[in-house]
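Everything below concerns the one structure shown next.
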Amino acid sequence: MSRGTQAVVLVFLGGAILRASLTDLYLRYVKQGLRPFLIAAGLLLVITALVALVQELRHLNGPEGQPDDDGHGHGRSGPAVGWLLLLPALALLFVVPPALGADTAARAGSALTDDRDVAYPPLPPGDPAELSLLEYGYRAVYDHGRTLQGRRIQLTGFLAPGPDGEPMLARIMLSCCAADGIPVKVGLRGDVPEGPTNTWIRATGRWIPHTAKDPVNDADLPYFQVETWEKIPAPVEPYE
């Protein structure tokens, strides 16, 4: 590719990264804390592209007044296939992918595989106590529900097929980006929510001393006794 073509590709790619990182779209790909690095990367690509374009224009309008060539009368335009590099950038600009959801939860094993031998503090005040699925899972499985007993709890996640055929509550946890996303799964009993997979639910209920094995990685799955629930819009930040 010519330097001018390379610069155009960089402008689109940097612009796509900036568009994603200056809106909430980037949360479909990476953790919230990586936003400053994405903005810096997008700006760097755009600035690099603009500098390359200016240099190319100065070269074309130099004393010779002729485009650069290879010494045989042929310009260095490069193969047209190079323009295919624009496709990822255009996809970022115009295609909004869904967040990881029930399909990932069905194919990947539960994140509850690290037996944490720690003392769990009391639940935060308030009724119900709002917990993430990961925190509920660790307290239910590895602390045997000691800090959950006698408390009403509120969990938020999306519906996914459970190992017993009933819906379960799930959410994807990221270490860095969507490529390393793994699900946190909680089985449901009582007033089990209804709806298609990937429906976001806020459920209120209590811990019950029941677990099952995840068929994917044999991890323990905690269960939750649902008393009330409601459908909610998908959160802006869908991952834990």
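The values are calculated or read from the model by the stated rules, or taken from the named source; none is laboratory data. Predicted, not measured: the structure shown is a model, and the values here were computed from it. Glycine also receives a Cβ, built like all others from the backbone with ideal geometry; neighbour counts cover every protein chain displayed. Accessible surface areas use protein heavy atoms only, side chains included; no ligands, DNA or RNA. Shrake-Rupley method; radii C 1.70, N 1.55, O 1.52, S 1.80 Å.
Note on the chain: the C-alpha convex hull projects to 17.1 nm² when averaged across all orientations.
Rounded to 0.05, the FRET efficiency of the Asn61 and Ala41 pair, given R0 = 51 Å and the Cβ-Cβ distance, is 0.95.
For the range 105-149, what does the alpha-carbon gyration tensor say about shape, rounded, prolate or oblate, given a ≥ b ≥ c as the root eigenvalues, a/c under 1.5 as rounded, and a/b over b/c as prolate? Oblate, since a/c reaches 1.5 and b/c is not below a/b. Each principal axis of the Cα cloud of the range 173-216 was evaluated for its coordinate range; sorted largest first, these ranges are 34, 23, 18 Å. Both radii come from the Cα set of the range 147-210: Rg as radius of gyration, Rh as Kirkwood radius; their ratio Rg/Rh reads 0.99. Axis of helix 35-60 versus longest Cα principal axis of the chain: the two differ by about 10°, to the nearest ten degrees. Label the range 113-240 by shape, choosing from rounded, prolate and oblate, from the square roots a ≥ b ≥ c of the eigenvalues of the Cα gyration tensor; if a/c is under 1.5 it is rounded, and otherwise prolate applies when a/b is larger than b/c, oblate when it is not. The shape class here is rounded.
Counting protein heavy atoms only, the chain has 60 percent of its accessible area on carbon and sulfur, 1.4 angstrom probe. In the chain, the DSSP beta bridges split such that about 85 percent are antiparallel, to the nearest 5. Couplings 3J(HN,Hα) for the range 226-240, derived from phi with the Karplus relation 6.51 cos²θ - 1.76 cosθ + 1.60 (θ = phi - 60°), are 7, 9, 9, 7, 8, 6, 9, x, 4, x, 4, 9, x, 9, 8 Hz, where x marks Gly and Pro.
Comparing Gly137, Ala170, Gly150 along the charge dipole axis of the range 128-173, the residue lying farthest to the positive side is Gly150, per the Cβ-charge model. Surface exposure of the range 94-240, expressed per residue as accessible area with a 1.4 Å probe, stands at 48 Å².
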